[in-house]
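Just below is one structure, and these are the notes that go with it.
The values are calculated or read from the model by the stated rules, or taken from the named source; none is laboratory data. Remember, predicted model here, so these are calculated numbers, not experimental data. Note: ideal-geometry Cβ built from the backbone for every residue, glycine included; neighbour counts use all protein chains shown. SASA here: full protein model, heavy atoms, side chains in, ligands and nucleic acids out. Shrake-Rupley method; radii C 1.70, N 1.55, O 1.52, S 1.80 Å.
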Amino acid sequence: MNKKIIFSILIILFISSVFAYHSNGEIKLLAVSETDDGFVGSVANLFLDIKPGNGRVFIDTYPFTKLDTQFTTRYAMRTACEYLDKDCSDYDFFYTIKAGSAIIGDQSDGAATNLLTATLLDNKVLPDDISVTGTINSGGLIGPVGGTKEKIIAASEKGIKKVYISSISLNETEREEIALIDIQVIEVDNFD
């Protein structure tokens, strides 16, 4: 009789480990790099795997990033958990940023990281033809970033159809120039 109970417990543990929560996804990050001719926009990939764990955040980047990107990633994860009112202490977050050149190194990926994290935690699917650029601030506010016009041009060239940006990232001249690009630009103030 004891062998049957032990065997049943082992089966339950095996099944629960196989079907344990695991979610992964990706979003396109918009970035700029400085050249001799000025700023040039580009697109990088942010991947996220969420697995059962202890609330840790792991960041793998290629090429290497600056310290503020690491801070922003951790902060975006925390604000996504707070936004969903979800206890994330039982998950580990594995973020991977891959770019073709050394373009990442500021806080402009905070809103995108926040969106990807919240989407996966909420078991939703993020369309692959959208992106967002902006900082993520307390209260879910989306802050402005530089190089927005260049980022939007790069997004359009990479097939992204819709970009969300901070409503204070563009001046009127940039708005007029961007209106000529075949891409939908949506200005937002907060994560909602």
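Descriptive notes on the structure:
- Residues Leu29, Leu84 ordered from highest to lowest accessible area at a 1.4 Å probe: Leu84, Leu29.
- Charge tally in the Cβ shell below 14 Å around Leu141, where Lys, Arg are +1 and Asp, Glu are -1, Leu141 excluded: -4
- Treating r as the C-beta distance of Asp192 and Tyr62 and R0 as 25 Å, the FRET efficiency rounds to 0.15.
- Full extension of the chain between Thr173 and Ser23 gives 49.9 nm of extra length, using 0.36 nm per residue less the Cα-Cα distance.
- Residue-wise HN-Hα coupling along the range 32-48, computed from phi with Karplus coefficients 6.51, -1.76, 1.60 (Hz; x: Gly, Pro): 10, 10, 9, 10, 5, 8, x, 8, 10, x, 7, 10, 10, 10, 10, 10, 9
- Theoretical gain in end-to-end length, Lys98 to Lys51 [0.36 nm per residue, Cα-Cα removed]: 14.9 nm
- Residue-by-residue Karplus 3J(HN,Hα) for the range 136-143, coefficients 6.51, -1.76, 1.60, Hz, glycine and proline x: 10, 10, 4, x, x, 6, 9, x
- Under the criterion of Cα pairs below 8 Å and six or more residues apart, the relative contact order for the range 130-192 equals 40 percent.
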